[in-house]
Every structure is written in C-alpha cells, then in structure tokens.
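The structure appears right after this line, and notes come after that.
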Amino acid sequence: MARHHHCVYVVELARTVTLEPKFKRANPGYEQGKPCVYVGMTGLSPDVRLDKHKAGIQSNRFVREFGLRLLPELYECYNPMPYQAAAEMEVELGIALREQGYGVWQG
C-alpha cells in the first residue's frame with residue numbers, strides 16, 4: 001500500500017497583495033481585514049515547500065513576493081493524504097476560505 005505523503009498548506013500573504021490587479025479580480029468578495037492566503041498542495045513538507053517558493057524554485061509569484069508564514073491551524077488536520085485527496089482538498093479549502101471572506105490565491 002502506498003504511503004500517503006501529500007499535504008495541503010496555507011501561506012499567509014501580506015495584505016499589500018490586494019493592490020495587485022490579478023489578485024483583486026480573483027477575490028471580489030474579499031472582506032477588508034481578513035487574511036490573504038495562498039492555498040497549495042505538495043508531496044513535500046509544507047515548510048520545505050514554502051522555502052522553495054521563497055527561493056524562487058517552482059514558485060508562485062504571490063508567495064515569493066508576499067508570503068509571510070505558514071498557517072498550520074488552517075490545514076494540519078487534513079494532512080497527510082493521497083495525491084488525489086490533496087488535489088481535491090486544495091480546491092475545497094480555497095473555496096471555504098473565500099466564503100469566509102479571505103483573499104485567496106490557489107496553486
């Protein structure tokens with residue numbers, strides 16, 4: 001049986017990301033004062049994945065430029081999981097956070 005090693009993760013982004021037109025368009029329901037986040041999935045540990053984003057290795061521009069820290073309280077309860085479950089959870093978690101008024105960008 002394959003070992004489940006994929007994870008979803010959430011990175012807090014600096015609120016200045018809301019000045020980016022692309023981010024702003026993707027978040028018409030953003031509630032001022034709520035966190036802005038990046039939701040992703042990885043086969044690595046979330047810490048290693050964030051380090052890679054910040055180093056510019058297979059990185060998302062918003063995480064590289066605006067990423068502050070991981071928010072494990074939003075994702076740890078789901079990890080680890082199989083690849084397909086992580087891919088689905090990435091989408092579901094992003095939708096759930098957006099419905100709560102968060103500004104969300106997804107991988």
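The values are calculated or read from the model by the stated rules, or taken from the named source; none is laboratory data. Here the structure is a predicted model, which means the values were calculated and not measured. Quick reminder, even Gly has a Cβ in these numbers, built from the backbone with ideal geometry, and neighbours come from all protein chains shown.
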Which numbered condition in (1) exposed (fewer than 14 other Cβ atoms within 10 Å of the Cβ); (2) under 19 Å from GLU88 (Cα atoms) is the only one that TYR9 fails?
(1)
Residue, nearest to PRO80 (Cα to Cα), within segment 8-62, restricted to residues that are part of a helix (DSSP H, G or I) and of a type in the set (A, V, I, L, M):
VAL48
Out of LEU19, LEU44, LEU50, I need the residue that is farther than 21 Å from GLY101 by Cβ, at pLDDT 95 or above and either surrounded by fewer than 21 Cβ atoms within 10 Å (Cβ to Cβ) or among the small types (Gly, Ala, Ser) (or both). Which one?
LEU44
Would you point out which residue out of GLY29, GLY43 is free of Cβ contacts under 8 Å to residues at least 60 places away in the same chain and at negative phi?
GLY43
Answer yes if at least one residue in segment 92-104 is loosely packed, with under 15 Cβ neighbours inside 10 Å and over 22 Å from PRO28 (Cα atoms), and no otherwise.
no
Cβ pairs under 9 Å, 6+ apart, first in segment 48-59 and within 14 Å of TYR38 (Cα to Cα), second assigned to a helix (DSSP H, G or I) and of a type in the set (A, V, I, L, M)
LEU50/VAL63; HIS53/VAL63; LYS54/VAL63
Across segment 67-107, what is the number of residues that are part of a loop (DSSP other than H, G, I, E, B), out of contact with any Pro (no Cβ under 6 Å at 6 or more places or on another chain) and either at pLDDT 95 or above or of a type in the set (D, E, K, R) (or both)?
7
Checking the condition out of contact with any strand residue (DSSP E or B) (no Cβ under 7 Å at 6 or more places or on another chain) and among the hydrophobic types (A, V, I, L, M, F, W, C), which residue from VAL10, VAL48, VAL104, VAL17 passes?
VAL48
